[in-house]
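J.: Just dropping this structure here.
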Amino acid sequence: MSYKLSIGEEAPNFNFETPWESPTSFYNESANRIAILIFLRYIGCPVCQVEMSKIKQDIYLAERKNAVVFIVLQSSPDSITPISNKKDWPFTIICDPKAKIFKQYYVEPGGILKYLHPYGLWSAVKAILAGIRHGKFEGKETQLPASFVISADKKIKYVYYGQRIDDVPSLETLVGHIE
């Protein structure tokens, strides 16, 4: 078993870029606010598109707690800008095509069995049946998700490492860990 971040540890700072803005740092962007940091796979992944849609729908839950939401994707800015606009998303999309931030947070790919887990496959089938099209493949296809709630003083208050591609806590669950 590999190392994972734990509750009480300081959240690693990192520099990042979005599809629409120049590089900045995580600590700068989260300022003195609670941050919800969610690692997904990439923008073309139907399962990830469903998760991002759910987060968009429930963003008011985070806003009520004065929390800011960040979604980390293995996608490059060039993959996102032709298919999406900044105003489409009420959260910050972080582009990490080289998985440097994934590595800082110890968010690792799973093996083929986790990738092909029946629940994950069923989530992909449901997304496709709902009309979501698969886009460009990016990064590691077997990448697993993870979620963190980080306090204003940059301490990890909640951490969850997913066990299959669709294993992401709801925004309601994440917000429930905000004091």
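J.: If I go through segment 102-120 residue by residue, how many of them are assigned to a loop (DSSP other than H, G, I, E, B) and touching a residue at least 24 places away in the same chain (Cβ under 8 Å)?
T.: The qualifying residues number 7.
J.: Using beta carbons and a limit of 9 Å, which pairs, at least six apart or on different chains, have the first residue in segment 1-12 and under 18 Å from PHE26 (Cβ atoms) and the second one acidic (Asp, Glu)?
T.: So the pair list comes out as GLU10/ASP153.
J.: Ok, one more. Filter segment 1-30 down to the residues that are part of a strand (DSSP E or B) and not aromatic (Phe, Trp, Tyr) and list them by number.
T.: Those that are part of a strand (DSSP E or B) and not aromatic (Phe, Trp, Tyr): GLU10, ASN15, GLU17, THR24, SER25.
J.: Something else now. Can you name the residue in segment 80-101 that is hydroxyl-bearing (Ser, Thr, Tyr) and in a loop (DSSP other than H, G, I, E, B) and is also farthest from VAL50 (Cα to Cα) among such residues?
T.: It comes out as THR81.
J.: Considering only residues that are under 16 Å from SER79 (Cα atoms) and aliphatic (A, V, I, L, M), look in segment 1-51 and name the one that is surrounded by the fewest Cβ atoms within 10 Å (Cβ to Cβ).
T.: Residue satisfying both the conditions and the ranking: ILE43.
J.: Additional query: Looking at segment 147-154, can you tell me whether even one residue there is under 17 Å from GLY44 (Cβ atoms) and crowded, with 19+ Cβ neighbours inside 10 Å?
T.: no
J.: Name the residue that is nearest to the chain's Cα centre (by Cα), counting only residues in segment 31-49 that are modelled with pLDDT under 95 and outside any loop (DSSP other than H, G, I, E, B).
T.: So, considering only residues that are modelled with pLDDT under 95 and outside any loop (DSSP other than H, G, I, E, B), the one nearest to the chain's Cα centre (by Cα) is CYS48.
J.: Another one. Could you grab me the full set of residues in segment 121-155 that are without any contact (Cβ under 8 Å) to a residue 24 or more places away in the chain and among the β-branched types (Val, Ile, Thr)?
T.: The answer is VAL125, and nothing else.
J.: Being part of a strand (DSSP E or B), under 17 Å from the mean Cα position of the chain (by Cα) and aromatic (Phe, Trp, Tyr), is that true of even one residue in segment 58-73?
T.: The answer is yes; a qualifying residue exists.
J.: What about ILE132, is it under 16 Å from LYS54 (Cβ atoms), in contact with a Leu (Cβ under 8 Å, 6 or more places away or on another chain), assigned to a loop (DSSP other than H, G, I, E, B) and not basic (Lys, Arg)?
T.: So ILE132 does not fit the description; no.
The values are calculated or read from the model by the stated rules, or taken from the named source; none is laboratory data. Nothing here was measured: the structure is a model prediction, and the numbers come from that model. All Cβ positions, even for glycine, are placed from backbone atoms using ideal geometry, and neighbour counts span all protein chains on display.
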